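All remarks here apply to the structure that follows.
The values are calculated or read from the model by the stated rules, or taken from the named source; none is laboratory data. These figures come from a predicted structure and were not determined experimentally. With ideal geometry, Cβ positions are generated from the backbone for all residues, glycine too; neighbour counts draw on all protein chains shown. Ligands, DNA and RNA are stripped out before the accessible areas are found, and what is left, the full protein with its side chains, is counted by its heavy atoms. Shrake-Rupley method; radii C 1.70, N 1.55, O 1.52, S 1.80 Å.
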Amino acid sequence: MDQQIKDPSIVAPERTRRGSRWRGFLTGCLVLAVLAGIVWWTRQQAAPPQAGGGRNAGPMSIVPETIGKGDIGVSLNALGTVTSLATVTIRSQISGYLMKIDFKEGDEIKKGDLIAEIDSRPYEATLAQAKGQLARDEAQLKGAQVDLTRYQNLAAQNAVPHQTLDTQVALVAQYQGTVEADRASVKSAEVNLQYCHIVSPINGRVGLRQVDLGNYVTPGDTNGLVVITQLEPISVLFTLPEDNLQAVSKRLREGAVLPTAAYDRSGANKLAEGSLQTFDSQIDATTGTIKLRAQFENDKRTLYPNQFVNVRLLLDTHKDATTMSTAGIQRGVPGTFVYLVNADSTVSVRPVKLGVTDGDRVEVLSGLVPGDRIVIDGADKLREGAKVVVRSATDAANPAAAAKGTASGAAKGDGKGDSKDGADTGGGHHKRSEDGQKK
């Protein structure tokens, strides 16, 4: 038989072309698969999430609040610094050795309490010397006055020259001046002797001691002996924008007492309550603010000088205002609005106009009336006309407990149903048994 043998130079290119077409086919399939995956992923990312308030979605769980009436305060917030009404650095007014320190650091002292004593012996000697000088000069004055009386009688009889009388009058005046100077020296010595006993000029708290017992103190000592700071009452200095000055000034002229509260750095904990006293006489041109002072009793020692506090000044109070929780406020295309809960368990968008805010309450000027119910929790996925299911605020605060209670309630209901069925089944068996017995 004759076998047809193909030339290898012809067979090899044909196989190569077949392999190239097969690889091209596989590459095209791979590219199509990659493109399909990219398109699918893009659609998944671009697809909007199903809103809970859609037409085909189930009802959303929300927490409502009923609009009511109440008083709401018009408050001004500011930053302040606690400032003592009196801070005194106790210094010695005389020079001498410190013989006694009659206080402990951190003590609460009263006005007139003894603080320290200085060696008084030199000043006692000076006082005794001044008193002796005074006694001598008083005796000289008395003798000169007696001579003057005698010369006056003799001059009336022309027994002595008038020049002698005039000289005696001048001598008496000289001694009188000397006695007055001696009395002043005695007074000065008595004052210096009193300065040996240093007493507190104010009520306050004693700080850290600056000198030790036995030191030689002088009036020129820079640090003094100790610093006494008044803590009760105490004041807070704070600033407000100049735009608020007219409102504050008007209230003070009317004789109103403006309550002021001091809060800690976080603004969450109230430290003390007081009242506004006054404001500065000029506005700071660099900041456009004015400085005010509020006074606090500080009987619980919650405020200390140079402490940073947040200040809330109650300027006025709006009586019987329509109020709502700030948690129900929504902002979007309609402006400021709320979700109003309708009687058919749906919600509708209601634009509102708000007034002043006091903490977590806000005044409603228009758009709502007392008795309306608004959504304060669960409004993030609501839409106009969405169906809602009302839940309590306790469930909103503890959703795990609510879910647990719901599950336990369902389980309890199932148990009751089973028990009922079992009872009915048992009763049926019992009836059939009785029927069997009757039979």
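Brief remarks on what is shown
- Simple point charges give the picture: +1 on the Cβ of Lys and Arg, -1 on the Cβ of Asp and Glu, and for the stretch 73-165 a dipole about the Cα centre of about 320 debye.
- S95 versus R136: modelled label distance in nm, points set 7 Å from Cα along the beta carbon direction: 2.5
- Reduced Cα scattering model of the stretch 327-397, Debye log10 I(q)/I(0), q = 0.19, 0.20 Å⁻¹: -0.81, -0.89
- Cut-off 12 Å between beta-carbons: net charge of the residues surrounding E232, Lys and Arg +1, Asp and Glu -1: +1
- The stretch 83-238 gives an Rg/Rh value of 1.31, both radii derived from C-alpha positions and Rh following Kirkwood.
- Once the gyration tensor of the Cα atoms in the stretch 154-272 is diagonalised, the equivalent ellipsoid follows with semi-axes of 64, 29, 11 Å, ordered largest first.
- Per residue accessible area in Å² of the stretch 144-194, where ligands, DNA and RNA are left out and the probe is 1.4 Å: 66
- Area accessible to solvent at H162, 1.4 Å probe radius, in Å²: 110
- Taking each residue as 0.36 nm, the span from A128 to K319 lengthens on full extension beyond its C-alpha to C-alpha distance by 61.3 nm.
- P(r) for the stretch 157-200, from all Cα pairs and a bin width of 10 Å, is 23, 24, 21, 15, 10, 6, 1 %, short bins first.
- Reducing the stretch 305-325 and the stretch 94-141 to their Cα centroids gives an inter-centroid distance of 54 Å.
- Note on the stretch 248-353: Lys pairs 8 or more places apart or on different chains, Cα atoms under 22 Å apart, count 5.
- Each label point was placed 7 Å from the Cα along the Cα-to-Cβ direction; for Y304 and T357 their separation is 3.4 nm.
- For the stretch 214-294, alpha-carbon Rg and Dmax in angstrom: 18.6, 58
- Contour minus Cα-Cα distance for V39 and T149 (0.36 nm per residue): 26.2 nm
- Local charge for Q282 was computed over the other residues whose Cβ lies under 12 Å away, with Lys and Arg +1 and Asp and Glu -1, and equals -2.
- One chain, two ends: L26 and E254. Fully extended at 0.36 nm per residue, the span grows by 72.9 nm beyond their Cα-Cα distance.
- Label-point gap, in nm, between R350 and L193 - each point 7 angstrom along Cα→Cβ: 8.6
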